[in-house]
Amino acid sequence: MTAFAKQKSTLAKCAEQTFISAGFRNWKKSREAFSRHQNCKAHAIALNTQPHIPHSIRIQLCSPLARAQEAARLALLQIVGAVRYLSKQGLALRGHSKKDGNFQSYLRDKAEDDPNLASWLEREHSYTSPESQNEILSIMGNIIIGGIAAEISALPVLQYSLIMDGTQYVSGTEQISICLRYVDQELEPREEFVGLYEASSTTGEHLWRIASDVLLRLNLPLSGLRGQTYDGAANLSGNLSRMRALVRSEQPLASFVHCGPQFVNLVIQATCSSTPVVSDALQWIHDLGCLFGQSGKFKTIFKQIAISENGSLTTIKPLCATRWTVRTPAIKSVLTQYEVILVALEEMASAKEEVLAPRASCLLDQLQKGNAVLGLLLGQDILLKLEGLNKSLHGRAVTIGAMLQAVDCTKKAFVAQRTSETFMRLYWRAVEFTTSLDLQPINLPHVRKPSNRYDGPANSPTSSSAEEYFRVQFFSAIDTASMQLDERFNQESLGNLAMLEQQLLSGEISEVVELYPELDAQLLPVQLAMLKANNKFNTSQEVSNILKTMVPEVRRLFPQVEALVRLLLVVPVSSCKAEQSFSALRRLKTLLRSTMSQSRLNSVSVCHVHREKLEKITRKEIATAFIGTSERRAHLFGTF
């Protein structure tokens with residue numbers, strides 16, 4: 001009736017007024033009349049028009065049903081809001097029982113000021129059950145991940161990279177974190193976490209099946225994959241039947257980059273292991289940090305002495321295998337509080353009833369030696385440069401060329417450091433430090449004479465003084481660091497990207513450009529020449545900044561330059577984003593939440609990591625998706 005009254009169809013003039021306004025009275029012939037009306041075009045158009053009406057005829061004719069649906073929708077919005085808030089904060093929804101969890105407590109608090117919600121919660125229904133919670137969490141996670149995939153697909157040039165890493169959580173199951181890196185419309189590199197996936201096997205084939213399945217679900221073709229970054233595990237970065245090789249077999253243009261910060265961490269480990277005086281000193285610091293964390297008595301003693309002597313204290317922490325930039329802060333904390341530490345260890349060692357007193361006594365004996373001070377100073381001088389390089393590679397905007405330049409700069413710094421003057425400065429500083437605290441002087445350690453079958457009849461070379469002995473160790477540590485940087489960062493897969501960046505800056509194009517379908521070897525040099533004639537730049541980041549500041553009309557003159565810049569920016573140099581997602585996993589998958597299912601863990605982790613994106617999703621949008629999955633829900637809640 002409404003459709004024809006508003007003349008929405010050309011058939012309105014042919015409509016039967018009997019069924020619109022006049023009414024039907026001839027009930028003897030009702031069956032024939034109803035069948036004839038049901039088959040007419042006017043009735044078909046009216047039926048097609050009805051779904052576009054916001055509220056159904058049943059609701060318009062039944063006001064109690066409309067009020068009930070409105071009350072149900074308001075209650076559903078509160079339920080969705082509770083799930084969204086708790087997942088955003090990384091809090092558990094359920095407790096030990098159904099009624100003592102955060103989710104139920106949140107709803108009860110809201111119900112105190114909302115009579116409609118209070119009456120809704122008293123009814124028996126399943127819309128606050130764990131199954132409904134999982135469904136709402138899944139809807140929110142799918143909206144977030146779908147938005148990320150849509151943003152990648154909408155890029156002017158489809159280019160993205162794959163970042164993966166694995167870890168085990170409290171239940172012992174292997175979890176694989178998958179992140180995608182892309183360059184947005186503003187030429188800003190973005191790294192987005194897309195989920196945690198359980199791996200029943202850690203072989204390269206199984207991990208590649210997981211990654212390819214994720215890309216397939218996100219509708220991201222392999223033709224746009226331009227980079228892959230993992231850690232040094234053989235199942236990921238091996239040259240043969242590992243994930244790195246499997247990806248390259250499917251997409252040869254997906255350049256593999258070993259995680260740069262982890263490379264630097266491996267260099268640090270090799271450097272410290274090559275120098276006994278440094279490795280021993282770091283081990284004692286680690287043991288001291290463990291004692292500080294395990295013994296409440298030692299912690300109390302240390303705090304009291306530090307506050308009385310210095311007025312403040314710095315926490316002593318053990319070295320961490322996964323946090324790669326904690327060595328120099330740990331060394332600094334010990335050196336600045338060395339005297340306080342010795343006094344605290346002495347008092348702790350004198351407490352014979354204390355179980356950890358022997359450990360304190362052992363550490364006291366070691367730290368009272370001048371060799372320990374010298375090891376800390378030598379290690380600090382070397383590690384400062386390597387940890388500085390490590391931190392510089394954590395940025396998202398770091399390109400392959402910039403990483404190689406930073407590594408080269410660090411190697412030059414080591415070459416300049418390899419002098420007797422540098423060693424003597426550190427050596428005499430250690431002597432002064434030892435003298436001021438009345439420690440045992442620096443002495444030549446006992447060196448075991450090698451067996452004749454290894455050394456022969458000739459006398460083995462020995463150092464005549466402690467100064468000469470430790471100078472050799474210092475130079476050996478510097479040589480090891482330089483050699484390790486050369487070997488580890490000389491990756492074959494980085495060659496093409498480094499050449500492309502050099503061509504961007506010089507304007508001279510080689511055959512490498514022809515490997516990438518998004519680059520045109522004829523247009524690129526022309527556009528680079530135009531750009532170079534009007535701008536000055538020395539790095540790829542400067543080229544990116546120039547393109548950002550251009551007005552759209554001018555920027556469209558350089559599509560090939562922009563495609564090349566995007567290619568250089570899209571390949572990551574670290575897997576730090578995947579490592580960061582493990583921090584969220586540690587907060588979510590605790591011992592009290594170890595029975596959480598994989599699908600729920602994945603949804604919660606996505607919502608928790610992408611808190612800002614979750615804030616932008618309205619409750620009405622989530623509730624609409626929840627209602628649309630079932631006709632029963634559509635009847636109960638209606639439409640917004």
Answer with yes or no whether L236 is among the hydrophobic types (A, V, I, L, M, F, W, C), more than 30 Å from P559 (Cβ to Cβ), surrounded by 21 or more Cβ atoms within 10 Å (Cβ to Cβ) and modelled with pLDDT under 85. yes
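One line per residue, one yes/no per condition, for (1) of a type in the set (S, T, Y); (2) touching a Leu at 6+ places or on another chain (Cβ under 8 Å):
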{"residue": "V570", "(1), (2)": "no, no"}
{"residue": "A584", "(1), (2)": "no, no"}
{"residue": "R587", "(1), (2)": "no, no"}
{"residue": "R593", "(1), (2)": "no, no"}
{"residue": "S599", "(1), (2)": "yes, no"}
{"residue": "N602", "(1), (2)": "no, yes"}
Scan the helices (runs of 4 or more DSSP H) fully inside segment 251-369 and keep the ones with 2 or more residues being among the hydroxyl-bearing types (S, T, Y) and open to solvent by 60 Å² or more (accessible area, probe 1.4 Å). 296-310
Among the residues of segment 419-427, is any of a type outside the set (G, A, S), outside any helix (DSSP H, G or I) and in contact with a helix residue (DSSP H, G or I) (Cβ under 8 Å, 6 or more places away or on another chain)? no
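Let's see how each residue does on (1) modelled with pLDDT under 70; (2) aliphatic (A, V, I, L, M); (3) surrounded by 12 or more Cβ atoms within 10 Å (Cβ to Cβ):
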position	(1), (2), (3)
K6	yes, no, no
C40	no, no, yes
T49	yes, no, yes
E70	no, no, yes
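Residue-wise test of (1) closer than 24 Å to R190 by Cα; (2) among the hydrophobic types (A, V, I, L, M, F, W, C); (3) modelled with pLDDT of 90 or more.
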| site | (1), (2), (3) |
| --- | --- |
| I57 | no, yes, no |
| A75 | no, yes, yes |
| Q78 | no, no, yes |
| K98 | no, no, no |
| G141 | yes, no, yes |
| I145 | yes, yes, yes |
From S161, S132, which residue is in a helix (DSSP H, G or I) and touching a residue at least 40 places away in the same chain (Cβ under 8 Å)? S132
Residues of segment 217-230 that turn out to be surrounded by fewer than 20 Cβ atoms within 10 Å (Cβ to Cβ) and either modelled with pLDDT under 90 or closer than 17 Å to S249 by Cβ (or both), as a count: 3
Within segment 410-428, work out how many residues are basic (K, R) and within 14 Å of R471 (Cα to Cα). 2
Hits in segment 393-405 - residues which are assigned to a helix (DSSP H, G or I) and crowded, with 19+ Cβ neighbours inside 10 Å: I400, G401, A402, M403, L404
Residues (of a type in the set (D, E), surrounded by 15 or more Cβ atoms within 10 Å (Cβ to Cβ) and either within 28 Å of the chain's Cα centre (by Cα) or under 30 Å from P252 (Cβ atoms) (or both)) located in segment 465-497: none
Log entry, pairs with first residue in segment 171-185 being more than 13 Å from A150 (Cα to Cα) and open to solvent by 20 Å² or more (accessible area, probe 1.4 Å), second being among the hydroxyl-bearing types (S, T, Y) and not in a strand (DSSP E or B), beta carbons closer than 7 Å, six or more apart or on different chains, reads S171/S594; E174/T202
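Residues are listed down the side, and each one gets a yes or a no for (1) open to solvent by less than 40 Å² (accessible area, probe 1.4 Å); (2) among the basic types (K, R):
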{"residue": "S544", "(1), (2)": "yes, no"}
{"residue": "K548", "(1), (2)": "no, yes"}
{"residue": "V551", "(1), (2)": "no, no"}
{"residue": "R566", "(1), (2)": "yes, yes"}
{"residue": "V571", "(1), (2)": "yes, no"}
{"residue": "A584", "(1), (2)": "yes, no"}
{"residue": "K589", "(1), (2)": "yes, yes"}
{"residue": "S599", "(1), (2)": "no, no"}
{"residue": "F626", "(1), (2)": "yes, no"}
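The values are calculated or read from the model by the stated rules, or taken from the named source; none is laboratory data. The model shown is predicted, which means the values in this text are computed figures rather than measured ones. Note that each Cβ is placed from the backbone with ideal geometry, even for glycine, and that neighbours are counted across all protein chains shown. For the accessible areas, the whole protein counts, side chains as well, though only heavy atoms, and no ligand, DNA or RNA atoms are used. Shrake-Rupley method; radii C 1.70, N 1.55, O 1.52, S 1.80 Å.
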